[in-house]
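Peer 1: Have a look at this one.
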Amino acid sequence: MSLVGALPFLKPRLSPSVSPGRQRRHTLPASEFRPLNTQDAISVFEIEKEAFISVSGDCPLHLDEVRHFLMLCPELSMGWFEEGRLVAFIIGSQWDQDRLTLDALTLHKPKGSTVHIHVLAVHRTFRQQGKGPILMWRYLQYLRCLPYVRRAVLMCEDFLVPFYQKSGFKVQGRCSITVASLTFTEMQYPVRGHALMRRNSEAIGFSQTALLLEKQTQRLESHVQFG
């Protein structure tokens with residue numbers, strides 16, 4: 001599960017009539033984070049197909065499966081849009097067992113307390129910009145606001161283990177699922193124990209929670225890009 005630029009020492013020349021602050025606000029793209037829906041399915045699959053087929057020969061989710069999960073549990077997905085264009089996404093579903101099995105690849109268990117993250121992918125144009133870690137961070141913060149979620153789990157190839165460890169995931173062991181010759185490591189992130197975040201979310205309301213996450217995301221983006 002996977003994840004040009006200007007020369008680093010060159011700065012854009014600003015028109016004398018435009019202040020640096022105004023120029024920055026004008027050139028930064030408008031970002032939006034929202035749940036995905038079935039109308040986003042084709043854009044999702046195009047990004048996923050390019051990201052995974054060249055590496056592993058297959059996709060975690062095929063187009064009909066993307067539509068399936070976006071119809072059953074759109075609230076467990078998150079898309080990052082810039083100027084209306086999908087640039088990165090996560091799709092998840094609920095699971096009700098301690099470890100992942102083959103059924104977890106296709107089923108959504110509404111009574112489960114585990115979120116199975118099926119796929120995280122970034123559009124090729126926007127890779128190497130820190131968008132994958134930022135989106136994962138944003139998604140995990142969102143899960144903390146869902147009272148029924150106790151943990152998030154995923155399976156990944158071994159070379160991606162360090163990437164997810166940086167987001168706070170811990171290795172749970174070798175996954176029992178194999179796809180052709182591919183084997184996977186199963187990882188988990190404990191969401192349980194963040195009752196304070198949930199209480200604050202319920203107290204201040206969804207819109208204010210979203211605004212708080214937006215401000216935190218902007219600080220994280222700034223740290224990744226300029227830190």
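Peer 1: Mind checking whether some residue in region 95-108 is outside any strand (DSSP E or B) and among the small types (Gly, Ala, Ser)?
Peer 2: Yes, there is a match, as at least one residue in region 95-108 is outside any strand (DSSP E or B) and among the small types (Gly, Ala, Ser).
Peer 1: Another question about this same structure. Do we find that His68 is within 26 Å of Cys145 (Cα to Cα), outside any loop (DSSP other than H, G, I, E, B) and open to solvent by 50 Å² or more (accessible area, probe 1.4 Å) in this structure?
Peer 2: It is true that His68 is within 26 Å of Cys145 (Cα to Cα), outside any loop (DSSP other than H, G, I, E, B) and open to solvent by 50 Å² or more (accessible area, probe 1.4 Å).
Peer 1: Restricting to region 141-166, count the residues that are open to solvent by less than 30 Å² (accessible area, probe 1.4 Å), within 12 Å of the chain's Cα centre (by Cα) and more than 14 Å from His116 (Cβ to Cβ).
Peer 2: Qualifying residue count for the region: 1.
Peer 1: Which numbered condition in (1) out of contact with any helix residue (DSSP H, G or I) (no Cβ under 7 Å at 6 or more places or on another chain); (2) open to solvent by 30 Å² or more (accessible area, probe 1.4 Å); (3) closer than 26 Å to Arg85 by Cα is the only one that Trp137 fails?
Peer 2: (1)
Peer 1: Something else: Exactly one condition in (1) part of a helix (DSSP H, G or I); (2) modelled with pLDDT of 95 or more is false for Ser54; which is it?
Peer 2: Of the numbered conditions (1) part of a helix (DSSP H, G or I); (2) modelled with pLDDT of 95 or more, the odd one out for Ser54 is (2).
Peer 1: Restricting to region 30-52, what's the tally of residues that are touching a strand residue (DSSP E or B) at 6+ places or on another chain (Cβ under 8 Å) and of a type outside the set (Ser, Thr, Tyr)?
Peer 2: The qualifying residues number 12.
The values are calculated or read from the model by the stated rules, or taken from the named source; none is laboratory data. What you see is a predicted model, and the numbers here were worked out from it, not measured in a lab. FYI the Cβ positions are ideal-geometry reconstructions off the backbone, even for glycines, and counts take in every protein chain you see. Surface accessibility is based on the protein's heavy atoms, side chains included, excluding ligands, DNA and RNA. Shrake-Rupley method; radii C 1.70, N 1.55, O 1.52, S 1.80 Å.
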